[in-house]
1. For a Förster distance of 35 Å, can you work out the FRET efficiency between the beta-carbons of ALA142 and ARG49, rounded to the nearest 0.05?
2. Of all accessible surface on the chain at a 1.4 Å probe, what whole percent is carbon and sulfur?
3. Using a simple spin-label model with points 7 Å from Cα along the Cα→Cβ vector, what separation in nm is obtained for ALA18 and VAL78?
4. Hey, what angle do you get for helix 134-147 against the long axis of the chain, alpha-carbon based, 0 to 90 degrees rounded to 10?
5. Per the Kirkwood treatment, what hydrodynamic radius in Å, one decimal, follows for the stretch 1-63 from the mean inverse distance over all distinct Cα pairs?
6. So for each of 127-136, 37-46 I average, over its residues, the number of other beta carbons within 10 Å; can you give me the resulting order with the highest mean first?
7. Would you be so kind as to identify which of PHE13, LEU43, ASN70 lies farthest towards the positive end of the dipole of the stretch 1-147, taking Lys and Arg as +1 and Asp and Glu as -1 on Cβ and the Cα centre as origin?
8. Could the peptides 72-78, 86-92 be put in order, highest first, of the mean number of other beta-carbon atoms found within 10 Å of their residues?
Amino acid sequence: HDTYVWDSVLGHFSQYPAQDLLTCAMFLRVVLLPRFLCSFHDLNAPDARVYGRLVSLDVNTDLIAKVLLNESVTALGVVWVISIGVFAYLLYIFERQDADPASVFSLARYRNCVWLTIITMTTVGYGDCFPSTRMGRICTVAACFFAE
């Protein structure tokens, strides 16, 4: 079963196989990665939660994730590389049906999707390649906001 999304820029419906959309839904599990990384941090200890209550500080997963990303450049790098891979793959799924494979900057090539994701997340925006489908644009905007 395929899903069709109207793309006003292209003037036709873009066709997305159900398997590709399920693959996109599978990437929602990446949201659980910070919770997993936080379980190994020292602030996850019961003593840290007690000290947090003494100073009216809620020691939860959000706080531990912020501390972890501020303390560890390695953790920040891992999260950044994983997010580039996920957003680039989502962009590849959404753009490959309507992309021109003969073009040098075609988003039917995964490496160009990685390039566009990095350029978007760093807010450089050269303009050499860009998404043309509605779902590709939504994915690119989400990558930009995620990088903030």
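1. For R0 = 35 Å, the calculated efficiency reads 0.60.
2. Taking all protein chains in place, the chain shows 64 percent carbon and sulfur surface.
3. So the two model labels end up 3.6 nm from each other.
4. Computed tilt is about 30 degrees.
5. Final number for the Kirkwood radius of the stretch 1-63 is 15.5 Å.
6. Highest-to-lowest ranking by the protection proxy: 127-136, 37-46.
7. LEU43
8. The most tightly packed comes first, giving 86-92, 72-78.
The values are calculated or read from the model by the stated rules, or taken from the named source; none is laboratory data. Because the structure is a prediction, the values reported are computed rather than measured. Every residue, glycine among them, receives a Cβ derived from its backbone with ideal geometry; neighbour counts consider all protein chains shown. Accessible surface areas use protein heavy atoms only, side chains included; no ligands, DNA or RNA. Shrake-Rupley method; radii C 1.70, N 1.55, O 1.52, S 1.80 Å.
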